[in-house]
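Quick notes on the structure that follows.
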Amino acid sequence: MKKLLLIVATLAMGSAAMAQGGMVTVAKGNESKNIEAEALQNSWYIGRFDERDCWLIREDNGPKTFVREDDWQVVSVDLHLRDYGRLELPQTGDCKIVASAIDGAFAHVILVDSSNARKTVVLAATVDMDSLQLVGGALDTLYQCTMEKGDHTYVWGAVSADGEYMGLLTLQQFTEKRKYEAEATMFDREMNELWRKEFPVGTTSRMAVSNDGEMLTLGYEQNGIEVRFTMNVISGETGDSYVLKINSERVEDMQIVNIMDRKMICAGLFSPIKSDPEDNLIGGTLSMAFDIDSATITKFILRPFQNEDVNILLNKKTKKVQRDSEVPFVTPLASVAMPYGSVLACGHRYVLRYTNANGTVSTTHFAQGIHLLAMDADGEVRWTRNLRRNDFEKKENDGLYIALFAQGDTLCLLKSEHPKEPAEYDIAKESKDLELGDDKCNLVLYRVAENGDVTKTVLEKKTKHMLVAASKREDGSVMMMTRNGKKSRLVELKLE
């Protein structure tokens, strides 16, 4: 395929390429140490304000003016990672981010601190991004509980696709009393509390918020060949709980991937019921749709891995005939809501640990193959595709990262890739070893059309920068964060 390359004038070095799938404009910011490269693996993208990208990051050696140097901090940066001030969220060094949203000049963040075995606290911060000040001067406490030995507290947070609602679900399990308490809270985009109620959600593993302001939960339990699904639909006026049973292989890593047309679309993996759970064998993918209004499961589809899928996940030539259709250590990598349903990406991931002669332990993280499953609003399989990958990284694993986002009906996937991979979509041959953080790589964009047709664009060739974070902005552009040793860089993509 012939490509037309154009040089465009931007504040940074940029390029535009007419490739299969449409025009891609790339604007690269300068390398910078303003944000520690190691901090990117802990980053959380909030959104965009005043032509700047707003992040939550945490560094081991933050500004000396902070109460604690490793506290979470809100940072606002331009294309060249010049920061326009930093705001410490005090006493949050032990917190995990639950959810975030941005509304005009105000960023809202929900955090949970469960570092104390006897106490869990959920906090909220509203930040004026114009002045980089905490609204009210302090974090608010949304929820807190004390626990006895053996008790557990679980916290979920989610934001609706349109950004209008933010939900918080807390579940406290009392082991000795053999009971639990669950509380659901819904906020609007300005972080005003709309409703709060206790509700017996039962078994729960995932939570989502619809554009109607409803909170939906998913839980499942396996008993032999029977899977017991628990779904809850909670609003300010009502709350309904449904238990549905299906005979199935062993369900693994089930998650909510979209809510559309009054259906909750779920996807995950399955393991053969006859296999030993300790072998971690995955037999294929699973898609399911739950109709909210009729309280029925409209589709429940197990799709076993095919010969090509296994060869890609194990990095073998596609012509090889596999005797077994199960692959060990396959895990979900990412998912994205699409106008027609959703796409789930999974891959073969494993870790090897070596004990050196001096007694120290070395760790290497591996990632092989990417399997894509697309489904419609009814949970029906729309298409499946495979991408090559044979990457590894020592010590950390932030470079073993892929990003999914939707561009209309087209799925877009960003990844780092070996420079000797074909310039066009071709999966026939095995992929070469790529040590991220050491070897040079290509930064690559794959696009999968609504009918499953795949095109590939190499955004940057033979770079030491590897992809570590990405997000789609509200204006449709895509922000990529890359890392090269201790230097980081922001890259902006505009797709047409």
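The values are calculated or read from the model by the stated rules, or taken from the named source; none is laboratory data. Keep in mind that this is a model prediction, so the values were computed, not measured. Positions of Cβ are backbone-derived with ideal geometry, glycine not excepted, and every protein chain shown enters the neighbour counts. Protein only, heavy atoms only, side chains kept; ligands, DNA and RNA dropped before computing areas. Shrake-Rupley method; radii C 1.70, N 1.55, O 1.52, S 1.80 Å.
The table that follows gives values for the structure above.
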read-out	value
Solvent-accessible surface (1.4 angstrom probe) belonging to THR126, in square angstrom, nearest 10	30 Å²
Alpha-carbon centroids, the range 341-390 and the range 238-309: separation in whole Å	18 Å
The range 23-152 - Debye-derived log10 I(q)/I(0), Cα point model, q = 0.21 Å⁻¹	-1.27
Area accessible to solvent at TRP383, 1.4 Å probe radius, in Å²	10 Å²
Separation between Cα centres of the range 419-457 and the range 71-134, rounded to whole Å	35 Å
Helix-derived mean residue ellipticity, 222 nm - over the chain, DSSP H n ≥ 4, -39500 (n - 2.57), to 500	-500 deg cm²/dmol
Local net charge near ASP151, Cβ-Cβ under 15 Å (Lys/Arg +1, Asp/Glu -1)	+3
Kirkwood hydrodynamic radius of the range 79-136, from inverse mean 1/r over distinct Cα pairs, in Å	12.7 Å
For the chain: relative contact order, % (alpha-carbon pairs under 8 angstrom, 6 or more apart)	10 percent
Nearest-10 value in Å² for the accessible area of HIS418, using the 1.4 Å probe	30 Å²
Pairs of Cα atoms farther than 22 Å apart, the range 165-270, %	35 percent
Extent along principal axes [Cα atoms of the range 291-422; Å; largest to smallest]	63, 35, 33
11 Å beta-carbon shell around GLU435, net charge (K/R +1, D/E -1)	-2
Computed Kirkwood radius, in angstrom, where 1/r is averaged over Cα pairs of the range 355-496	16.3 Å
Translational D in µm²/s for the chain (Stokes-Einstein at 10 °C, 1.306 mPa s, Kirkwood Rh from C-alpha pairs)	66 µm²/s
Per-selection Kirkwood Rh - the range 35-104 (Cα, Å, 1 d.p.)	12.4 Å
Under Karplus coefficients 6.51, -1.76 and 1.60, residue-wise ³J(HN,Hα) of the range 421-426 in Hz, glycine/proline x	5, x, 6, 10, 5, 8
Compactness index (Cα Rg / 2.2 N^0.38 Å), the range 126-211	1.28
Karplus-derived HN-Hα couplings along the range 358-374 (A = 6.51, B = -1.76, C = 1.60, θ = phi - 60°), whole Hz, x at Gly and Pro	8, x, 6, 10, 9, 10, 10, 9, 10, 9, 10, x, 10, 10, 10, 10, 9
Global geometry of the range 234-340, whether rounded, prolate or oblate, following the gyration tensor of its Cα atoms and the 1.5 cut on a/c	prolate
Global size of the range 226-276 as Cα Rg and Dmax, reported in angstrom	13.6, 45
Cα Rg over Rh - the range 102-161, Kirkwood	1.08
Candidate aspartates and glutamates - alpha carbon under 13 Å from LYS177, same-chain residues fewer than 8 apart omitted	GLU148, ASP151
Proximal charge balance of THR296 [Cβ under 12 Å; K/R count +1, D/E count -1]	0
Cα-centre dipole for the chain with unit charges at Cβ (Lys and Arg positive, Asp and Glu negative), debye to 20	1940 debye
